[in-house]
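The values are calculated or read from the model by the stated rules, or taken from the named source; none is laboratory data. The shown structure was predicted, so the numbers you read here are calculated from the model rather than taken from an experiment. Methodologically, a virtual Cβ is constructed for each residue, glycine included, from the backbone with ideal geometry; neighbour enumeration extends over all protein chains shown. Protein only, heavy atoms only, side chains kept; ligands, DNA and RNA dropped before computing areas. Shrake-Rupley method; radii C 1.70, N 1.55, O 1.52, S 1.80 Å.
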Amino acid sequence: MMTHKHRTAKLKAHAQLSARDAYRTNSNQTKSESKAGNACRRHTSCYGLRGKSLLRGLLLASGLLMLGSCIDSSYDLGDVDATIGLGANGLKVKLGNTEKIYLKDIIDTDGNTKLDGNNQFYITEQGSTDLSYTVQKVNSTIDRLARVKTKFRVLRWSDDLLNQLGAPSGTQVTVPANYTLHGSAEGENKSDFTTDDIGEEVVRITRVYPRNFGASLTVRMKSSANVNFGLDKLQKFAVTLPQYVHLREVPAGWRLEGSTLIHDSDITIGTNSKQICTINIDYIDLKEEGTPKNGTITLPQEMTRVAMSGTAYFSSKSAFTMQQDDYADIELDINFPNDGKIVVDSIKGIFNPDINPNVNPIEIADNLPDFLKDDATKIKVSNPTLKFNVDMRTLPSNVNVGATLTSVKSGKGGWSQSVTLPQVTMNGGRANTAYYHKQGSKPYDPESEVTAGAIVSRVEDLGNLIERLPDQIEVDMKNGKVSLAQQEATMTLGKTYRARADYSVFVPLEMEEGFTIIYRDSTNSMEDDLKDYTAEGIQLKTMAENTIPLDLTLSVKALDQNGKPMPGVTFTSAKAKAGQGEGKAPVKSEMTVVATLQNPKDLQEIDHFLFEVKAESAQGSASQPLASQQYIRLTDIKLMLKGKVTVDLN
């Protein structure tokens with residue numbers, strides 16, 4: 001059997017070890033602390049939980065030291081009842097100070113909670129979508145042949161003809177061989193153009209761009225059977241093309257005035273039919289007449305007019321007699337290939353195709369850090385920002401981009417809250433960056449500089465989306481919220497235009513009045529630590545030094561082995577005043593937490609303690625960021641067991 005001397009020495013050593021292990025000022029825990037159940041379930045609650053082994057250490061230290069110093073040496077401890085009363089007026093122990101507990105040690109930055117370049121915490125989520133649209137193909141046709149006839153026969157029985165022949169009036173006249181006669185050749189017609197199968201996405205067409213399309217201009221001689229003329233030449237000949245035709249280039253030897261081709265020099269013919277030129281059509285210019293009606297565009301007659309003018313010279317091949325009904329004339333044929341069917345590559349105009357991006361909801365609840373997951377959390381932050389990066393380098397038109405964001409909380413007591421983002425215009429042919437933010441002179445972007453060319457739009461109620469933290473934020477960009485700018489652009493028909501849009505949500509933890517977060521954590525089971533002790537109450541008193549710009553309220557609950565609150569054990573709450581932020585002197589507050597036990601033996605039924613820290617922005621305070629170097633420190637920590645305290649060491 002162990003002697004009293006040896007047992008007393010062992011108890012004293014045990015008491016000294018327990019007193020040392022009761023509270024450590026560094027963050028590394030020893031094996032004896034682990035055995036005492038002093039490991040937090042999460043390190044983020046360390047400032048509220050490091051006292052969970054204090055009770056056990058205090059009781060062991062005080063009880064064993066008293067026992068070792070009061071038992072008479074003539075007794076063998078194996079023969080006595082080791083149930084010890086430690087006084088009726090309570091027991092106080094001074095436990096020292098903690099280190100500075102920085103926010104960087106409390107808040108994890110591995111997930112979507114991050115630190116910016118100023119060591120300020122922010123929450124972020126990212127996603128992407130496509131902006132895509134198509135303009136369907138159209139059918140365009142032009143009259144295959146536009147034949148221009150003269151209003152009056154070039155050579156006909158007339159005073160002019162007789163004068164040229166030097167013949168008197170009569171019913172017939174002899175035309176000598178190789179005799180040249182001339183006359184005015186003027187006439188007009190029309191060449192219709194139609195475009196149909198036009199989709200509803202086409203508001204107006206101003207130009208139609210055909211693929212390899214043109215026309216040939218041919219002059220043909222016509223005459224009555226009795227005459228024997230040949231078409232010799234054309235002089236000062238002009239051809240008026242339809243107003244809608246725009247030439248790629250002017251044919252050699254011609255000049256263009258408006259829609260009229262003019263050949264200043266003589267055009268030698270020498271045959272009954274000759275192609276005098278070809279034209280290449282760059283585009284069909286519909287001007288102000290390109291608004292579809294029932295999917296079709298038909299041009300007015302004044303735009304389809306074709307005409308010719310000039311002087312035609314004829315030479316007789318042999319002598320013949322010309323009578324009153326005889327004539328010699330010309331016609332101008334404007335021939336279009338492929339029976340006038342135009343293969344349209346692209347059109348210029350104004351378009352309004354359906355653009356309905358599918359955007360996956362922004363998941364919020366699944367990715368929140370623990371300290372933001374309580375239903376009572378209210379995020380009142382100064383400048384939440386939504387950023388869009390849209391690569392529109394392949395888009396020929398500007399795009400108006402807007403959205404409706406809806407925060408959704410599912411389940412019992414669910415709710416929704418919507419905010420409309422106004423449309424902003426993003427430029428085609430380039431990459432665009434657009435910001436929506438709540439307030440201030442510029443958006444909050446912790447990942448890149450807000451450039452001078454960025455599009456910035458303020459949305460005052462943007463913060464309403466996250467004031468109560470939702471399960472997700474739905475993004476609706478359909479039903480006209482994204483549309484092409486109503487300005488002219490050229491579209492390739494049948495092509496799907498696509499632009500990738502990446503978006504980021506930035507929520508800087510810079511609080512306004514009303515910001516509230518709740519953090520809960522608990523100790524591991526303390527049943528083995530407390531089952532041998534009874535007390536009437538517990539009091540923990542300390543001085544808090546706080547630079548975190550939030551009022552902190554600490555509450556404690558005692559739970560039994562079934563995880564249910566123990567009604568016989570009640571704690572008061574304690575408060576620490578908000579600090580003034582990083583770099584400022586800490587604000588000091590005295591904090592006292594008192595537990596009252598209706599039955600001293602209730603202490604033995606406690607399995608673990610639940611800690612709740614409620615952090616709130618101070619009323620009337622200016623917005624302050626949560627930064628990594630802000631801290632709280634507890635000094636002059638004193639623990640008191642109130643009333644009669646007993647320890648059963650049997």
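Quick notes on this one:
- Distance distribution note for the chain: the fraction of Cα pairs above 46 angstrom is 53%.
- Helix 54-70 and the longest principal axis of the Cα set of the chain meet at an angle near 10°.
- The chain, helix-only ellipticity at 222 nm - DSSP H runs n ≥ 4, -39,500 (n - 2.57), divided by all residues, nearest 500: -3000 deg cm²/dmol
- Per atom type, the stretch 516-632 shows carbon and sulfur on 45% of its accessible surface, probed at 1.4 Å.
- Order by protection proxy (mean Cβ within 10 Å, highest first), peptides 197-205, 417-425: 197-205, 417-425
- Sites GLU288 and GLN164 - FRET efficiency at Förster radius 51 Å, r taken between beta-carbons, to 0.05: 0.60
- Mean silhouette area of the stretch 126-196, derived from the convex hull of its C-alpha atoms and averaged over all directions, reads 10.1 nm².
- Extension gain from LYS584 to ASP108, taking 0.36 nm per residue of separation minus the Cα-Cα distance: 169.0 nm
- ASP264/GLU447 FRET efficiency (R0 60 Å; Cβ-Cβ; nearest 0.05): 0.35
- Cα-based helix-to-principal-axis angle, 4-22 vs the chain, degrees rounded to 10: 30 degrees
- The stretch between ASN228 and LYS151, if pulled fully straight at 0.36 nm per residue, gains 25.5 nm over its current Cα-Cα span.
- Potential extension, SER457-ASN178 segment - 0.36 nm per residue separation minus Cα distance: 92.0 nm
- GLU188 versus GLU488: modelled label distance in nm, points set 7 Å from Cα along the beta carbon direction: 2.6 nm
- Mean accessible surface per residue for the chain, computed with a 1.4 Å probe while every protein chain stays in place, in Å²: 47 Å²
- Sorting the segments 154-165, 522-533 by their mean number of nearby beta carbons within 10 angstrom, highest to lowest, gives 522-533, 154-165.
- Label-point separation, ASP391 to ARG468 (7 Å along Cα→Cβ), nm: 4.0 nm
- Each part gets one Cα centre, and for the stretch 375-444 versus the stretch 510-552 those centres are 38 Å apart.
- Cα→Cβ-extended label distance, 7 Å offset, between THR635 and THR296, nm: 9.2 nm
- The trypsin sites (Lys or Arg not before Pro) of the stretch 471-503 that meet both conditions, a loop assignment by DSSP and at most 16 other Cβ atoms within 10 Å of the site Cβ, are LYS478, LYS495.
- Each semi-axis of the equivalent ellipsoid for the stretch 401-555 is √(5λ) with λ an eigenvalue of the Cα gyration tensor; in descending order they amount to 50, 19, 14 Å.
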